[in-house]
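All remarks here apply to the structure that follows.
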């Protein structure tokens with residue numbers, strides 16, 4: 001390393017380590033087990049949730065017809081909203097539906113197959129910090145949708161929620177396909193997200209966003225989800241889905257700001273989300289008055305989401 005190079009920027013790993021070739025990366029990722037389905041919602045239940053004439057009791061009855069779905073919904077509702085407090089656990093599907101509201105039930109039902117299958121995919125990765133990973137993933141999914149709502153943007157087919165949920169899937173794929181290199185990355189002292197991406201590229205060759213996007217593309221996931229995952233750290237580079245990638249970038253930062261860091265060992269400075277490309281793409285044209293209103297709404301949103309996330313086991 002040249003004498004003029006800053007010691008601060010030197011990487012704390014074996015200097016003989018070279019990034020893997022694209023060929024080897026693709027070959028290894030292709031060998032990673034395939035998820036059965038990244039999105040599977042019961043057709044009848046989906047129709048009910050989309051109908052303006054539906055009643056909670058009808059939706060609850062459809063959920064009850066599927067014991068597996070009933071278990072998933074109740075387990076997820078209780079773990080997210082009540083943690084390990086047995087005295088507060090919800091035991092009835094209709095009660096859970098009333099408590100959450102139809103929109104959140106829709107989100108949870110679309111997300112639980114993804115959560116289950118990815119957990120199964122990585123069941124042999126014993127050292128992977130599952131609880132932190134899912135806390136952060138769910139937080140980013142919720143905030144991705146909330147940010148888009150503030151920008152008055154909506155997506156069909158839960159694409160926004162699913163893309164937010166899967167934004168860090170590449171980190172799990174890394175842990176499965178390159179466990180030794182993943183451990184090496186986790187041992188680094190990281191300053192911020194840009195530094196983390198730099199480390200990934202120098203050790204692996206691709207960063208987690210590109211790895212996750214390739215895996216999703218290879219399994220025929222929708223282009224808008226793939227692109228949003230690929231560019232969630234650099235939304236200005238996206239060609240078709242800049243706004244979705246932007247919302248994920250902001251949601252990711254805000255989730256960390258709430259103290260839900262995922263598997264990272266760094267925390268972004270407060271309000272750093274206002275300095276990223278995603279914020280400019282979504283909100284740069286807002287007037288001062290509109291920005292004040294937006295800031296108030298965002299504070300209320302963060303308070304509500306924080307209570308949700310810190311109730312997760």
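Per-residue extension of 0.36 nm, minus the Cα-Cα distance of residue 310 and residue 297, leaves a gain of 2.7 nm for this segment. Taking other C-beta atoms within 10 Å as the exposure proxy, 308, 140 rank 308, 140 from fewest upward. Relative protection proxy for 128-137, 168-177, from highest mean packing down: 168-177, 128-137 (other beta-carbon atoms within 10 angstrom).
For 283, 182, what ranking results if the residue with the fewest other Cβ atoms within 10 Å of its Cβ goes first? Write out the running numbers ahead of the final one.
Numbers: 283 17, 182 24.
Lowest to highest Cβ neighbour count: 283, 182.
Once R0 is set to 51 Å, what does the formula 1/(1 + (r/R0)^6) return for the Cβ-Cβ distance between residue 95 and residue 289, expressed as a FRET efficiency to the nearest 0.05? Please report the intermediate quantities before stating the final value.
On the way: r = 41 Å, r/R0 = 0.81.
Calculated transfer efficiency: 0.80.
Peptides 285-294, 267-276 ranked from most to least packed, by the mean per-residue count of other Cβ atoms within 10 Å: 267-276, 285-294. Projected label points at residue 280 and residue 201, each 7 Å from Cα along the beta carbon direction, are separated by 1.8 nanometres. Kindly identify region 225-313 as rounded, prolate or oblate by the Cα gyration tensor criterion: order the square roots of the eigenvalues as a ≥ b ≥ c, call it rounded if a/c is under 1.5, otherwise compare a/b with b/c, prolate if a/b is larger, else oblate. Since a/c reaches 1.5 but b/c is at least a/b, the shape of region 225-313 is classed as oblate. For region 265-310, the share of alpha carbon pairs falling in successive 10 Å distance bins from zero is 22, 48, 27, 3 percent. Calculated on the alpha-carbon coordinates, the convex hull of region 130-256 measures out at 104 cubic angstrom per residue.
Consider all pairwise Cα distances in region 241-280 and report the whole-number % of them above 17 Å. Mind showing how you got there, number by number?
Details: 209 of 780 pairs.
Tail of the P(r) past 17 Å holds 27 percent of the pairs.
Quick one: if the Förster radius is 25 Å, what FRET efficiency do residue 21 and residue 125 give, using the C-beta to C-beta distance and rounding to 0.05? My answer for the efficiency is 0.60.
Every read-out reported here was derived from the displayed coordinates using simple, explicitly stated rules and does not represent laboratory data. If you're wondering where the values come from, they're calculated on a predicted model, not measured in any experiment. FYI the Cβ positions are ideal-geometry reconstructions off the backbone, even for glycines, and counts take in every protein chain you see.
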